[in-house]
Amino acid sequence: MTASYSSVRRFAVLAASLLVLAGCAQSGVRPATQTPRSDAVINGLTQEDRVAFFVNHARNGECAEVAKSIADGQPVDQFDSLGQTALIAAVSHNSLECARILLDHQASVNLADGSGWSPLIYAAYFGDSAELLTELLKHGADINARNDRGITALFLASAVGHEEQVKFLLGHGADRSIESTAGYTPLRIAKLRGQGRIVALLESAAAPGGAPSH
């Protein structure tokens, strides 16, 4: 009886999962980018799959699902198969609301991915404003954290011309003298990339009392 029940249950879980995937295929959306919620399916998932669902919720800005998963006991700092935590996924997709939920539930603000990219570095590169930077610093982010190439948040914001983020980081004490492992400072990379306004900001910050206001 027990073996039969177990087999039936496994088949039911598999069938439910296949129905979800079939629905994704019919709608023309890749399953990896969609996170439909069905408690029957969720309860039958492996821990690895639960993490994948959780991080995908954060990646897709599905903040109510992020909050529900946490309430159901999902740990907040686990990495998915792409090497990202839910916080990194939320930040890299500009979801301030999801990031706040995760940080309020003790997500590790300085936990970096396998290449050393911290949430703050992601926010400086992918963020469309300084709001995510503000939230991360409020929760103790290391403003001068470096990835495995020695690159900081200020370096990346300077390289891609994110003026608001550069102003914010300089105004909060980011070190403009830190060099990457290749020997580039934020100022040097800004010049190489032709980021004239960023160059002006970095040069003015070098003058006595010259840190830009924010």
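Numbers at a glance
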read-out	value
Inter-centroid distance (Cα atoms) of segment 41-76 relative to segment 142-184, Å	32 Å
Relative contact order, percent, segment 117-214 [alpha-carbon distance under 8 Å, six or more residues apart]	25 percent
Built amide H within the under 5 Å cut-off of TRP117, gap 5+	ASP148
HN-Hα J in Hz across segment 153-160 - Karplus 6.51, -1.76, 1.60, θ = phi - 60°, x for Gly and Pro	4, 5, 4, 5, 4, 5, 5, 9
Added length on full extension, which subtracts the Cα-Cα distance from 0.36 nm per residue, SER204 to ASP128	25.0 nm
Karplus-derived HN-Hα couplings along segment 192-200 (A = 6.51, B = -1.76, C = 1.60, θ = phi - 60°), whole Hz, x at Gly and Pro	5, 8, x, 8, x, 5, 5, 4, 4
Principal axes of segment 117-214: Cα extent on each, largest first, Å	30, 29, 23
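None of the figures in this text is laboratory data; all of them are computed from the coordinates on show. Small disclaimer: the values here were computed from a predicted structure and weren't measured.
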